[in-house]
1. Taking only region C:155-169 into account, find how many residues are more than 9 Å from chain A (Cβ to nearest Cβ) and under 16 Å from A:PRO453 (Cβ atoms).
2. Return yes or no: is A:PHE24 aromatic (Phe, Trp, Tyr), closer than 22 Å to A:PRO323 by Cα and in contact with a Leu (Cβ under 8 Å, 6 or more places away or on another chain)?
3. Right, A:THR250: within 12 Å of another protein chain (Cβ to nearest Cβ) and farther than 18 Å from A:GLU459 by Cα or not?
4. Cβ-Cβ under 7 Å, sequence separation 6+ or interchain: first residue in region C:267-291 and more than 7 Å from every other protein chain (Cβ to nearest Cβ), partner polar (S, T, N, Q) and part of a helix (DSSP H, G or I). Which pairs?
5. Could you go through region B:170-189 and let me know if any residue there is among the acidic types (Asp, Glu), surrounded by 23 or more Cβ atoms within 10 Å (Cβ to Cβ), at pLDDT 95 or above and over 26 Å from C:ILE316 (Cβ atoms).
6. Quick one: in region C:298-312, which of the residues that are in contact with a Lys or Arg (Cβ under 8 Å, 6 or more places away or on another chain) and not in a strand (DSSP E or B) is nearest to C:SER88 (Cα to Cα)?
7. Could you tell me which numbered condition A:ALA135 fails, if it satisfies all but one of (1) among the small types (Gly, Ala, Ser); (2) buried (at least 22 other Cβ atoms within 10 Å of the Cβ); (3) in contact with a strand residue (DSSP E or B) (Cβ under 8 Å, 6 or more places away or on another chain)?
Amino acid sequence: MIFEYAPAPESRSVVTLRETYELFVDGAFTPAEGGEYLTTLNPADETKLAQVAVAGPADVDRAVAAARRAHETVWSRMPAAERGKYLFRIARIIQERSRELAVLESMDNGKPIKETRDVDLPLVAAHFFYYAGWADKLAHAGLGPDPRPLGVAAQVIPWNFPLLMLAWKIAPALATGNTVVLKPAETTPLTALAFAEICQEADLPPGVVNILTGAGETGRALVEHPGTDKVAFTGSTEVGRQIARSVAGTDKRLTLELGGKGANIVYDDAAIDQAVEGIVSGIFFNQGHVCCAGSRLLVQESIADELMPLLKARISRLRLGDPLDKNTDLGAINSAAQLERIRELTDTGEAEGAERWSPACDLPRSGYWFAPTVLTGVSQAHRVAREEIFGPVLSVLTFRTPEEAVAKANNTPYGLSAGVWTEKGSRMLWTAERLRAGVIWSNTFNKLDPASPFGGYKESGYGREGGRHGLEAYLG
Amino acid sequence: MPVPHTAFAPEATTNRALRAFLHGLPGVDEVGARARAQDLSTRSVKTTAKSQAIDLAISMVDLTTLEGADTPGKVRALCAKAAHPDPTDRTVPRVGAVCVYSDMVATAVDALRGTGVGVASVATAFPSGRAPMEAKLADTRRAVADGAGEIDMVIDRGAFLSGDYLKVFEEIAAVKEACGAAHLKVILETGELATYDNVRRASHLAIRAGGDFVKTSTGKVSPAATLPVTLVLLEAVRDHHAATGRHVGVKPAGGIRTTKDAVRNLVLVNEVAGPDWLTPDLFRIGASSLLNDLLMQRTRLSTGTYPGPDYYTLD
Amino acid sequence: MAERRNTRKAARGAAEAGGGTGGPAPARLAVRKTYKLYLGGAFPRSESGRSYPVTSDSGQHLANASLASRKDARDAVSAARKAFGGWSTRTAYNRGQILYRVAEVLEGRRDQFAAQAVAAQGLSRAEADRVVSAAVDRWVYYAGWTDKFAQVLGGANPVSGPYYNHSAPEPTGVVAVLAPRYAPLLGLTSVVAPVIATGNTAVVVTSETAPLAAIDLAEVLATSDLPGGVVNLLTGRVPELGPHLAAHADVNALDLTGAGESAVEFERAAATTLTRVLRPGPGADGGEEAWLDPDPGTARMTPFLETKTVWHPVGI
């Protein structure tokens, strides 16, 4: 018999969208001086969600000045324990409003409600909760007896985990006594603006958190603004390079969390069903819009013929569609531009000789959609094995020996994440030791936690976010 | 194409060959298996899908009474319930089978004649399995002779845990022979096997030895039929089918009390083994109190109001 | 300072031979040392064949140093990359033993280094002794760090789930070090020792004006069981070598201490491949006395370390 799950949509009624959103500067929502707006869409159906102010240079000046004032007059002078209590309060409000935020995130981003509800939002609250507790314990963080905040942090975040990336940036910055000006991504500004409301609700002093919406130009104006002490960026390696160049010669501290082309190594003694799950979550979690995605499957040749049918059967079970349906595994691609890039690179993979496979999968008529895709017969020389696709496209390569697996895994300019699947402990540790990547998931994948440092080697960036290590980026 | 792990059938059945086969199976990562089961348990099954799932679950129930205090009267009452779970609503399907001790088989067969509900009997010194082989076989033969169409045997967990796979294998094979035309369900008592690796090995051992079903638990040991355990069993039958083309059934038993539990099991079946297994021929749920909860949820769906327990028969 | 190509005809100072122009021949003619590069464990001349004269603080000619070229820098990066695998996977204990051995060998040659410091930098003998002692002690200091920094900087992370989660620092790889310009021994030691103590390998551009101590130190390194290629010393000019090292895609990190006015340009060049950059600190252009702090801590190690976090489920 066929067991069809009936639609199970999460209610949108928990979200009240405003038609227009302004910038959040110095504790208040104020229009951009240029009077320009951009429109943010629901990528699942291309409907307009809201129009959002575009911050220009004058707005950046204003926000940086507000942050400076807040830093000097309030935030850095406050007893650290009190600072921490603001963060605890924010964490609690996020928990209270988590369903609303999850729905809003799914609408603006296109990711499934299952993920925003069960992954993003719990992690967002946990991140604030974690760093809240650090605020009055910084002298014990191993960064010197009297670590000092840097001042004003300019923070630019991507669209793949809008609110989670905001939490990764803002929580440690605030805990350490810095104030922030944060720019959310052009296509996903809404949860950051909801967060601004939460700051108001928490009575956070004006200017401690400023949210400037806009596109690339706004981001550039912010990271190049001379009035900040710190730049933290998560996004593409290309933009990361520009930012690294632009802060050269300044006293600004810089952390970058950039792209990746993570290898997921499956040895022939792996727990095969869990490896299949790990491969699937490695590349299809968040539609593959994950910098630490396991986008290169390196499977030991001796087990490839056994693994691939299981993997394909499993992928065939993925449910693609309405992001707000609780049973959706794979949501919408975030934007038309990203969809185009995924298409282009995937087509290239096919043109270069890889075999392309997708399960039978009905794509919705409107919105941006891409079926889960597996490219087999990929070699290191193919573009799809080297360039970050940032979509639900898995490249499959094989290897014969552990040395070859490690060599192939490391044969990339990136170094963010990698996975290892083996039931043999010593081989796991041997492999993990040799992988040049900042996060190694062995017998699991795409696990995140506020206590766990995250960040890359090589061109995946520098600095760590999360854990005790994450404090270092915001203390001098 | 290399032969999948699970396709290997030991030619000469020696303990050594069995051990090599079972220990050559891929391991099961406990955390990963739990996470997968947890993830599937968040599937939201509502409205039409839920009605369909409830009726399917009812038809898969092995309505069970396995008490020292069982009497012919109790068994007859249970049989009446099995044939007509809701006497006021004839659209409710009958359950899959009634499951009783072997000495109650004749009573159950009598009570169920003409209803289409099967009679399953536990056998082989249920629940411990600690009895001489002759006694186990006699128990089985008697139940079959009295008309049981299904035999739920227990494996010798002691032998399994001590590494004597051959003994377990031979017992299952012998009981299978004693079953004749009756279907054999092999109870692994996963709560005593301690690891999912063992659960996977025991599943394949039971399948190799001729079991028609693998069943999680006796219901007398906790934990019983947890979702991750059922997941591992479903993977075993899925892999066996892929390797040989033969369908083996799965029966979680013990601890499945609510409609939500039952639906989660069906989701697991659907997404792990596949829709082929969504039939009472290949999936059963061993339970007693579950049935009334399914009936209550059925009413709730059709009438829109919450019913009370007094509106459903005790047995 | 003049650059010469295979010529040895510049005016010589009188310091070592003990005679001025036209004086009587010494009873014994001193044997001078040819200062070459230290590259991959060997002492080659610059592939360019160039050298440059090195003078003392007071302007007297001391020796000719090899003038390293772009290709020497490239070769040094290759040598450092080749040595990285072996050096980074040695046990921390073994690296500590070798760094301590460097201290031992340096201690045995303190007179030579002190005399060098007096001649080259015009230090008093007492000042020179103090600097040499501090340099020896600096090697001892970092010898002790090799098997401790991972414990200090890493650790277990209490994630909320059934996972063992652990972070540990690892060497970033090949580090290009532009050594302090005016602190040729203690300053050099202070920037190189932390780089290799943590398992990195180094390509070092030594003080342009006072490069001789570096090559003398290379002789110490070469006789202390330090594998070839772990430290590569290039004597020459930062403005010539720096751009190639900063932009080199196989350099993982860049220490700009001795970059002088080129620091910003090099930082920009490094951005192209996201090379880690340690900007010049406040004492970067100080003399040896700027490097006397006996406990520099972890500040010169952490910029050349990557934190690797490993997750593993905990189950049966």
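The values are calculated or read from the model by the stated rules, or taken from the named source; none is laboratory data. Everything numeric here is computed off the predicted structure, so don't read it as measured data. Here the Cβ is made from the backbone with ideal geometry for all residues, glycine too, and neighbour counts use every protein chain on show.
1. 5
2. On the way: aromatic (Phe, Trp, Tyr): yes; closer than 22 Å to A:PRO323 by Cα: no; in contact with a Leu (Cβ under 8 Å, 6 or more places away or on another chain): yes.
When the stated conditions are applied, A:PHE24 does not pass them.
3. yes
4. C:TRP291/C:SER190
5. no
6. Among those residues, the one meeting the criterion is C:PHE304.
7. (3)
Per-residue answers, yes or no, for (1) surrounded by 24 or more Cβ atoms within 10 Å (Cβ to Cβ); (2) within 27 Å of A:ASN411 (Cβ to Cβ); (3) among the β-branched types (Val, Ile, Thr):
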site	(1), (2), (3)
C:GLY236	yes, no, no
C:LEU254	yes, yes, no
C:GLY258	yes, no, no
C:ARG268	no, no, no
